[in-house]
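Below is one structure, written out as structure tokens, with a few remarks after it.
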Amino acid sequence: MTPDSSPAETQFRSQLKAARRGDEQAWGALYRWLAPQVLGYLRATRVPDAEDILGAVFVEVARKIGTFRGDAAGFRAWVFTIARTRRVDEVRRWARRREEPLDPGVHEVIPSRVDVEGEALSAVALDELLDILDLLTDDQREVLILRALGGWTSSQVAEVTGRTVGAVEQLQLRARRVLQEVLGES
């Protein structure tokens, strides 16, 4: 069995073809596969309004899915490339936008069925991880996140970020050393 005919690859190709035809179940499967990873990437890079950016990423994927050519790994890289571009655009937009705080009296209390305690514990764990990632340079953090969450190869990260493969591997090595020092102390 060749890599292109593996059951997972065959299933991906079938879902991609169905998604291109507008099949909601196929879209749902592609979204469930990649959305948590893309959202993790966006949150880890501390992009403002990560959930909104995630939505914009998948709207763009839907618009451009007819232009995609490749396998499951290529599709994943393509979606992460869109996410990275959206993240960069959003960070630039936020830097130019002036923020004005909302009047606290404007907020309405809305009842929720969310597990507040579970959400709070998850948020604490995520905040601790983000605090650790903040010890890295922006370049180190981006490379590490794309490699770990995106599952990209060094050459894919190099291509998307405009670096050489050697530079990507050096950034990843330096990031790991920083993390080992920090995690070794705690």
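The values are calculated or read from the model by the stated rules, or taken from the named source; none is laboratory data. Since we're looking at a predicted model, the values are computed, not measured. We place every Cβ from the backbone using ideal geometry, glycine too, and count neighbours over all the protein chains shown.
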(1) of a type in the set (S, T, N, Q); (2) without any contact (Cβ under 8 Å) to a residue 24 or more places away in the chain; (3) surrounded by 15 or more Cβ atoms within 10 Å (Cβ to Cβ): which one isn't true of GLN172, the others all being true? (2)
Could you go through segment 147-154 and let me know if any residue there is surrounded by 10 or more Cβ atoms within 10 Å (Cβ to Cβ), modelled with pLDDT of 80 or more and farther than 17 Å from THR45 by Cα. yes
Check on ALA29, crowded, with 16+ Cβ neighbours inside 10 Å, free of Cβ contacts under 8 Å to residues at least 12 places away in the same chain and aliphatic (A, V, I, L, M): no
Of the residues ALA83, ALA95, which is part of a helix (DSSP H, G or I), surrounded by fewer than 17 Cβ atoms within 10 Å (Cβ to Cβ) and either among the hydrophobic types (A, V, I, L, M, F, W, C) or at pLDDT 90 or above (or both)? ALA95
Restricting the search to segment 39-80, which residues are in contact (Cβ under 8 Å) with a residue 24 or more places away in the chain, assigned to a helix (DSSP H, G or I) and within 16 Å of GLU142 (Cα to Cα)? GLY40, TYR41, LEU42, ARG43, ALA44, ALA77, VAL79, PHE80
